[in-house]
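Quick note: the coordinates plus some simple rules give every number you see, no bench work behind them. As the structure is a computational prediction, the values presented were derived from the model and not from experiment. Quick reminder, even Gly has a Cβ in these numbers, built from the backbone with ideal geometry, and neighbours come from all protein chains shown.
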Amino acid sequence: MYHVPTVVELHKRVIMVASQLRRYHNVDLLEINVAPILSRFVRELMLPPTFYVAVKSLLTFLRIDMHVLGHTVIPPNPQVRAKFLERHGTDGLPTAYAFSRNLAVPRCVVLMAALIVVIKLRYGLDDIHRKETSTTLQGRQVFSGAPPQEEVWIDALCFLHGLPSDRAWEAKPPTFAPWDASVDLLSLNDADIDTYLTFLEQEYLPSNVPSSMPFRHRNDVDDLLPIPVPSQEPLDLVERVRNMQEVFQQRRAELLCAMYQSEEKEPGIQPGEAYATHTHDPGGAMTRSMERMLAIGMRVVGLDTQVKPTFESVAAHPSRPRENDVLKHCVMQLEESLLLMLMREHGK
């Protein structure tokens, strides 16, 4: 039985390779390509493209490092470096810089955490409705865009990504993919089992070896078997993937229509008027919307949410985050860093 490594495990192996390249060959890996990863996260969470631009701006504002290994984030230019040290001091870098160089946190987790921070800035995730607002920017009237209904939007995300949803969506069930190794074979019905066996016969059994041929072909007993009903689904893998993508896009369009229905006249506040921080809050005051958003983010990133207990000493690894808590800790750290940077910008 093969073990599919998680994102954190893959990140550890990449760090090991990058460390060996730097140590023995003096080769440094470049920064990761943020654009495709961030665009996928925005698309998977059914957000408008403006969130992509907002996350990029947040990463630039906090000077988040996207290298696999820890690089200094102080500007290399001597003049810019002098101004940076004069502005921030030499007593230590803000927490955003230290956290961006934490080798235990994959860069994709940092991107998802930054996206969740932007979502909180725009939608709140605090059970308070945000209303569409308009402002004047350089003589032009700019609208913030109507936010989706928070509960409906989160339920739609849970439905799309296989998490428990509070609503019964009238949509087609996902098509069974016989090549998906995460599907439990004991939960398949008769039609899915036939599809799975046909897939195995076509892809994995050699047709030129008689002992490996299907039983009905090897012993020539096709006439004794009933004529199977032709499947309405194509057997070609490319055609199956194309049909699955079409079904997914149709479900996505139906969910978007349910999310952005006509807004009722209900009390609400403007985006940015309130921001609920959960920095190092052991009291459990985190809203349910925020908890569900963290669960969706972990599912999209690919974190293992059911980590088996380990017997490693806590004292030996005090800064190693658990895989089911790494995204939450990263969001809290970025929130603290954002507040710190804003306070420094305003001179408080």
List, please: which pairs have Cβ atoms under 7 Å, are six or more places apart or on different chains, and start with a residue in segment 327-346 that is buried (at least 18 other Cβ atoms within 10 Å of the Cβ) and end with one that is hydrophobic (A, V, I, L, M, F, W, C) and outside any helix (DSSP H, G or I)? 327/303; 330/105
Return the residues of segment 14-50 that are in a loop (DSSP other than H, G, I, E, B) and of a type in the set (A, V, I, L, M); say none if nothing qualifies. 27, 29, 30, 32, 45, 46, 47
